[in-house]
Amino acid sequence: MPEEHRDVMESVVGQGEQRIRAAVVEMLEAEGYDAVQVREVARQARVSLGKIYKLYGTRDELILAALQQWLAENRYAGLADFRPGPGATLHEALMGVLRPIFEPWEQHPGLLIAYFRARAASGGELLVRRGFEAVVPAAMTALEGVDPDFVQDLGRILSSLVYGLLGRFAGGEIAVTEILPTVDRTVYWLTTGYAARSGPIAESSGGTAAPGHAGQH
């Protein structure tokens, strides 16, 4: 097969796969996790059922692949280049990593529910692992020079907090817009306590007001 023809074929295949994933994301957001049916995905993406099963094998694998791509493009893009701003406090540096991760959920709450469902499904641990692979290097840049014991405790606390918040949102107990402010306040108070114990190493001298509590220190 001529090289240029092979390139065209690979481009066509790639476009088909893009349409498949885009159709899944649209269905997850508009209709929910249970609404994603492979036959309907094939119809919307204008591909055969056989092509989808050849690419993904199962419905769960299809949903995971679509979510992974959306997460990479909308939550994790730019993290590899993260650097704290000059003079940033530890709280500000960490939220520079965390805020871009959580803000997209506020615009796409249906996908957050789908993500929470998918991480508990077969193969869902891959979503969690990919998330850690994307976020941890940026977070460690923000945490440079910080006590390793504090870093470990912070990770455990935030992981448990976030999982609980996502579950409460998925269960209809809180609004999606409550997630990021809760994470922000938690990071503020944890880092403030660390700075008080450790001195000015991790925080700039001026300090910052607690999120949602301007004027209070």
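The values are calculated or read from the model by the stated rules, or taken from the named source; none is laboratory data. Bear in mind that the values here come from a model prediction, so they are computed numbers and not experimental data. Glycine also receives a Cβ, built like all others from the backbone with ideal geometry; neighbour counts cover every protein chain displayed. Only protein heavy atoms, including side chains, enter the accessible area calculation; ligands, DNA and RNA are left aside. Shrake-Rupley method; radii C 1.70, N 1.55, O 1.52, S 1.80 Å.
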field: Length added when fully stretched, S122-S198, from 0.36 nm per residue minus Cα-Cα
entry: 23.0 nm
- request: Search the structure for amide H atoms under 5 Å from the amide H of I174, placed 1.01 Å from N in the peptide plane, and list their residues when 5 or more places away or on another chain.
  value: F169
- prompt: Hey, what's the chain come to in accessible area per residue, 1.4 Å probe, Å²?
  reply: 54 Å²
- prompt: Which of the peptides 169-175, 18-24 is most tightly packed, and how do the rest follow, judged by the mean count of other Cβ atoms within 10 Å per residue?
  reply: 18-24, 169-175
Cα-based helix-to-principal-axis angle, 179-198 vs the chain, degrees rounded to 10: 40 degrees
message: Could you give each residue of the stretch 36-42 its phi-based ³J(HN,Hα) in whole Hz, using Karplus coefficients 6.51, -1.76, 1.60 with θ = phi - 60°, and x for Gly or Pro?
response: 6, 10, 4, 4, 5, 4, 4
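When the accessible area of the stretch 15-152 is computed with all protein chains present and a 1.4 Å probe, what percentage of it is carbon and sulfur?
51 percent
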- request: With a/c under 1.5 counting as rounded, go ahead and sort the chain into rounded, prolate or oblate using the C-alpha gyration tensor (a ≥ b ≥ c being the square roots of the eigenvalues; past the cut-off, prolate if a/b is larger than b/c, else oblate).
  value: prolate
query: What does the charge count near V25 come to, summing +1 for each Lys or Arg and -1 for each Asp or Glu among other residues with Cβ under 12 Å from its Cβ?
result: -2
message: Whole-Hz ³J(HN,Hα) for each residue in the stretch 83-93, computed from phi via Karplus 6.51 cos²θ - 1.76 cosθ + 1.60 with θ = phi - 60°, x for glycine and proline: what do you get?
response: 9, x, x, x, x, 5, 6, 4, 4, 5, 5
